[in-house]
1. Being open to solvent by 10 Å² or more (accessible area, probe 1.4 Å) and hydrophobic (A, V, I, L, M, F, W, C) is the filter here, so list the residues in the range 548-570 that pass it.
2. Please identify the pairs in which a residue from the range 1-24 that is part of a loop (DSSP other than H, G, I, E, B) has its Cβ atom under 6 Å from the Cβ atom of a residue that is of a type outside the set (A, V, I, L, M, F, W, C), counting only partners at least 6 apart or on another chain.
3. Which of the residues spanning the range 136-149 are part of a loop (DSSP other than H, G, I, E, B) and modelled with pLDDT of 95 or more?
4. Here is a list: Y458, Y454. Which entry is in contact (Cβ under 8 Å) with a residue 24 or more places away in the chain, open to solvent by 80 Å² or more (accessible area, probe 1.4 Å) and in the same structural domain as A581 (by the TED database)?
5. For the range 117-135, enumerate the residues that are in contact with a strand residue (DSSP E or B) (Cβ under 9 Å, 6 or more places away or on another chain) and either open to solvent by less than 10 Å² (accessible area, probe 1.4 Å) or at pLDDT below 95 (or both).
6. Being under 24 Å from E397 (Cα atoms), open to solvent by less than 10 Å² (accessible area, probe 1.4 Å) and not basic (K, R) is true for just one of L285, L325, L342. Which residue is that?
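The values are calculated or read from the model by the stated rules, or taken from the named source; none is laboratory data. As the structure is a computational prediction, the values presented were derived from the model and not from experiment. As a convention, Cβ positions derive from the backbone with ideal geometry for all residues, glycine included, and neighbour counts pool all protein chains shown. Ligands, DNA and RNA are excluded from the accessible area calculation, which covers all protein heavy atoms including side chains. Shrake-Rupley method; radii C 1.70, N 1.55, O 1.52, S 1.80 Å.
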Amino acid sequence: MEKEVLAAFRAATAQPDYLTTEKFDAILGGFGVFNMGVWAAANVIAREMKKGKKINVSVSNERSTEMDDIAKKVVKTLMDCGADASNAALVGATLLYWAGSSVTAGIPAPNRKLGAVCRMAAGAPAGRVANIPTEKLNNKISGFAAVRAIYEAMDKEVLAPWPGEITPLGVAGSPVTGHTRVGEDILFPELAQKLVKIGVDGMMRAYNSVGIKPCRWMSSLLACAAALEILHPDAYVGEEWGPFLKTRTPYVCGLAAVKAANMPEKIHIRGTGEELETAKVVGDLAMILKDCGQPTVVGMIMFNEVCALIQEGPALGVGRSGGPLLLPLTHWCTSASLALYLLGKGMEEEEIADVIRKTMDNFFQVEHAAVATNILARRANFVERGPITRSVMMATEPVLVDSIYKRTIHAYNGMKSGKTITEITRELEDQRIKDLGDGVARLFSKALGRNIEYVRFYNVRPGAGRRTHKFAQKYFAFDGYVDVELKVDGKVYTFENILAKTIPDAMLANDRETLKIIECFAAGAVDLLNAGAVAMDVVVPACVGAAMGVTPQEAVEQAAAGATISMSIPVPTILESAILAARIARELK
């Protein structure tokens, strides 16, 4: 191997930070997200599981259980990585849930709930569902929409099967209601169905009113959580709902939410296709949300990304880091939660790696998604080593090596043949944009049930005409211009300046026909805007140029001149990696 190739390869991969625009040190401070903490906490749980520790809440007559100790370790890890107490409680409990923990145990004492166990471990105060925000989907709402709708309905009419005023002494507030036919068979199930339906509808209306596509997933969860603040959350309901000692009020709430939000009755785990009952998952997670404290928008983002191991996630609104989009790496933690789930199911690390590798096929950009996942696993491994990062690195390292090597050889041969670094970078970017269009057509043909023969993005550059600032004129992400041609169901469509003209104009005009076509390509524009999350198509040419004798500064400038999407925002470490490439090349014998 030529020393320039070896030097460039090593320099580009010397630090995970070198291949991305992301600022990982800030992430560790909890500024905006704390996904490094999610990866680290997953490793903590996995190590405890491998030691044979019990991760279930239980009714054991002990002041403190193994689960309490594990919860303390998990929330501390999350808080050390920037999560506040309630966010640590929510995400810690959710990771433990997907690892195999039950959500609740015992009536009335000891009565342990997973969300509350983690909240108390974190030292967070209790909260109310009305104050829980949704994740940020550009705009955001809160559980107040569900709570308000429910309480307004309660004010207008009696929602229970009978008015509370007729309840006799001895029945009111006693086990006669709580643990007999009165409550378990009649009051709790009937009221649950009404409250949840009202709450879901209130959430969906609120989403719609502020220009957010209504999220069925979060509407269901917060409506259930709001209902469970009112209902007896631990009651065993009648056996028509399920087996005694296994079926409680949250399950009935989940059933009502699935119906009200038009969700599928079954959901599946990415990579394995394992089937889960949607109602149970929704009811369980709603209990965690009710009990975890007062999470912020940041905590809700991470909660949803942890839950994005659900295969139907993109359609239901369950996070985004499971694919198909290539988002900023600050969101990504789904591979960690999936690996933890698989470990809880008894898989060995190599088996887990095989599943994780398979899930990369769910992305528009398969190669770049695998590299993105590897970057995160490697960086998280610096924070907390363990089986989760080890499995994910095992899954994605071959793709990383192959991707960087191919680009290094391409750049080396190109420069040998007389091409400039700018030309080489542009070739790599053009191929990436083509591959992205192919990926959109491949996945959305199936998702939308349409024959999308091709999607071709072109004329991708900064300067869509919205902004005059020099920064926006230089970096694509701040005022990107994109044209697109696509063929859908036998008809060819062409649109110009899609981000500044086509999409907003169609939405303002409520042009439903055009919006149906926009749906066939718009997600690809997301990947274009976020492409800098994996910047190898500009970093590698810069490193090769520096290794072959171009000054590092000049190599970076030439590479940047050919990069539109890979440097959609500045790449803070590209000069550092180019300097390293030059030094390695000089000192190799």
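1. First, the residues of the range 548-570 that are open to solvent by 10 Å² or more (accessible area, probe 1.4 Å): 548-554, 556-558, 560-561, 563-564, 567, 569-570.
M548, V550, V556, A560, A561, A563, M567, I569, listed by residue number.
2. Every condition considered, the pairs that remain are T21/G532.
3. Matches in the range 136-149: K140, I141, G143.
4. Working: Y454 fails: open to solvent by 80 Å² or more (accessible area, probe 1.4 Å).
Step by step, each of Y458, Y454 is checked, and only Y458 is in contact (Cβ under 8 Å) with a residue 24 or more places away in the chain, open to solvent by 80 Å² or more (accessible area, probe 1.4 Å) and in the same structural domain as A581 (by the TED database).
5. V129, I132, T134
6. Sole residue among the options that is under 24 Å from E397 (Cα atoms), open to solvent by less than 10 Å² (accessible area, probe 1.4 Å) and not basic (K, R): L342.
Rundown of residues vs (1) open to solvent by 30 Å² or more (accessible area, probe 1.4 Å); (2) in a loop (DSSP other than H, G, I, E, B), yes/no style:
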position	(1), (2)
E229	yes, no
D234	no, yes
G238	no, yes
G242	no, yes
Y251	yes, no
L255	yes, no
K259	yes, no
P264	yes, yes
H268	yes, no
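Here is a yes/no grid of residues against (1) touching a Gly at 6+ places or on another chain (Cβ under 7 Å); (2) open to solvent by less than 10 Å² (accessible area, probe 1.4 Å); (3) at pLDDT below 90; (4) in the same structural domain as K345 (by the TED database):
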{"residue": "E2", "(1), (2), (3), (4)": "no, no, no, no"}
{"residue": "V5", "(1), (2), (3), (4)": "no, yes, no, no"}
{"residue": "F9", "(1), (2), (3), (4)": "no, no, no, no"}
{"residue": "A14", "(1), (2), (3), (4)": "no, no, no, no"}
{"residue": "G29", "(1), (2), (3), (4)": "yes, no, yes, yes"}
{"residue": "M36", "(1), (2), (3), (4)": "no, yes, no, yes"}
{"residue": "A40", "(1), (2), (3), (4)": "no, yes, no, yes"}
{"residue": "K50", "(1), (2), (3), (4)": "no, no, no, yes"}
{"residue": "K53", "(1), (2), (3), (4)": "no, no, no, yes"}
